[in-house]
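This report refers to the structure that appears directly beneath it.
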Amino acid sequence: MTDSETSSPTPAPAPRQRRRTEMLLQGEPDGQRWIAWVMKRTYRIHNGRCELDTPGRQEVLHDDEIPYNDKRKPPRVSPPLVVDDMLPFRRATDVVVQAFAHAYKPGTRKLTAGVQFGKHQREIVVHGDRVGELDRAGKPRFSEATPIEVVPVRYDYAYGGVDLTALGRNGDILGQFIQDARRGMSTLSDTPYHYPRNPCGYGYLMELDAESFTGLPIPNLEHPFDPLTPQRLAVGKPTRWIHAPLPAGWDFQSMAWFPRIAYLGLAPSCQPDARVAEVERGWAARDILTIQPLYQDPGAPLRLEHAQTASPGMSVSDLAPGEYFELRNLHPTRQVYSFHLPGEAPRVLLELDPGRLTEVETHLCSVVVRPVPGEVVVVWSARAPVALELTEEQRMNLRREVRWTSAARSAR
């Protein structure tokens, strides 16, 4: 349905670059200076337990977004494979599942993929490939789904993307977009016809007319509580994007997507007093559409919700080391794939005062689960307020001790 390179049955692990798995950072998350020691660890899932992987297979810290497919030509864009790990002041834990949905019986055209951890349970309905068509009366409908073998649970298979027909009808916008993209100036949603929640998928339309709909690839993924219909694909005009279906996914969300970008006060224009589905489900702050842009008040503290990189609804405040995970229909051979998170947590001491080590607060920032190749990647931060900004030399020479112990002995 999408580019051929996205059809591989296993997601590519994040690139193992020759960089660091630990780093000291500093920032002012609440208007006060803080330092944070960031630690990333990669584990292999073996017999339902996570075992620390070998040093040569440890995934490094990333400081930018890397797309799954960097060869997609504008106006098509790719979702991120990895995002910035250097966000140590997150309040919640991001849970990301990078997986493929599998059908175990021949002829399966629809199935439900699921993930459960703690009290949290999420499901995504997966369809075989479909296209838009008109029936004999000229009414729009989805074609019958083709049988499923494997479908990536990724945002380029969910509702969203760009309305190519509307974009083509406004050639001046399309030409400027391509010109800007070639100069490296475009972002993921530089035209009014990209879906602000997910500019990477399929199905987002302005008008439900024959030219726009006939032959249109229909998203493979949908939320069970927000099913797609031909009529729901079309929003009418760009400012009505807020009424469109929520894209279904458990992967990373880009910093340029809604709702993340709205925490910087940069929410895309939409109808005033619009119903925000993410707010109604408890996945976004109630003031998400009224946050003032940073440039209007540069001294205001950054809204830390922007640092949460998981899909809406997948950033949780109660995830503990050792938590039990259960995935359904997300492994090539196991319909139910289960494991426990690593039961260890870091105990970190930093030299905040000369000659004296102080134990500091630790926080589980993110958990990335990849059923294939059987991998869990976690990012922790140990953070503390400081009186003065540290110089580069002071950061390099800051004495610290990190001990990985049972979670019961470490603060979260």
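Annotations
- Cut-off under 5 Å, modelled amide H: who pairs with GLY118 long-range: TYR324
- DSSP beta bridges in the chain [antiparallel fraction, %, rounded to 5]: 90
- Here the label points at ARG136 and GLN271, each 7 Å from Cα along the C-beta direction, are separated by 3.6 nm in the simple model.
- Nearest-0.05 FRET efficiency for SER317 and GLN26, computed from C-beta distance (R0 41 Å): 0.95
- For the range 238-284, the normalised intensity computed at q = 0.13, 0.21, 0.22, 0.26 Å⁻¹ comes to -0.29, -0.81, -0.89, -1.25 (log10 of I(q)/I(0), Debye sum over alpha carbons, equal scatterers, no solvent).
- In order along the range 50-63, the phi-based Karplus estimate (6.51 cos²θ - 1.76 cosθ + 1.60, θ = phi - 60°) of 3J(HN,Hα) comes to 9, 10, 4, 6, 5, x, x, 10, 6, 6, 7, 6, 10, 10 Hz; Gly and Pro are listed as x.
- Extending 7 Å from Cα along the Cβ direction at ALA210 and again at ASP287 yields two label points whose distance is 5.1 nm.
- Label separation (ARG57 vs ALA145): 3.4 nm, computed from points 7 Å beyond Cα along the C-beta direction.
- Set LYS110/LYS139; LYS40/LYS119; LYS71/LYS110; LYS73/LYS237; LYS40/LYS110 screened for pairs whose C-alpha atoms are more than 32 Å apart: LYS40/LYS110
- Entry note, the chain: the mean residue ellipticity at 222 nm calculated from DSSP H runs of n ≥ 4, each adding -39500 (n - 2.57), is -2000 deg cm²/dmol after division by the residues and rounding to the nearest 500.
- Sites LYS71 and LEU357 - FRET efficiency at Förster radius 56 Å, r taken between beta-carbons, to 0.05: 0.70
- The chain - convex hull of the alpha-carbon atoms, volume per residue in Å³: 150
- q = 0.08, 0.19, 0.21 Å⁻¹, the range 17-157: log10 I(q)/I(0) [Debye, one scatterer per Cα]: -0.38, -1.35, -1.39
- Within the range 86-130, backbone nitrogen closer than 16 Å to the virtual label 7 Å beyond the Cα of SER338 toward Cβ: 114-122
- The range 210-274-the range 28-79 distance, computed between alpha-carbon centres (Å): 26
- The order of the peptides 128-136, 364-372 by mean Cβ neighbours within 10 Å, most packed first, is 364-372, 128-136.
- Across all directions, the average flat footprint of the convex hull enclosing the Cα atoms of the range 276-316 is 3.3 nm².
- Tilt relative to the chain, helix 171-182 - C-alpha long axis, 0 to 90 degrees, to 10: 30
- For ARG91 and ARG169, a Förster radius of 35 Å and the Cβ-Cβ distance give a FRET efficiency of 0.20, rounded to the nearest 0.05.
Bear in mind that the values in this text are calculations on the coordinates, not laboratory data. Not measured: the values here are computed from a predicted model. Here the Cβ is made from the backbone with ideal geometry for all residues, glycine too, and neighbour counts use every protein chain on show.
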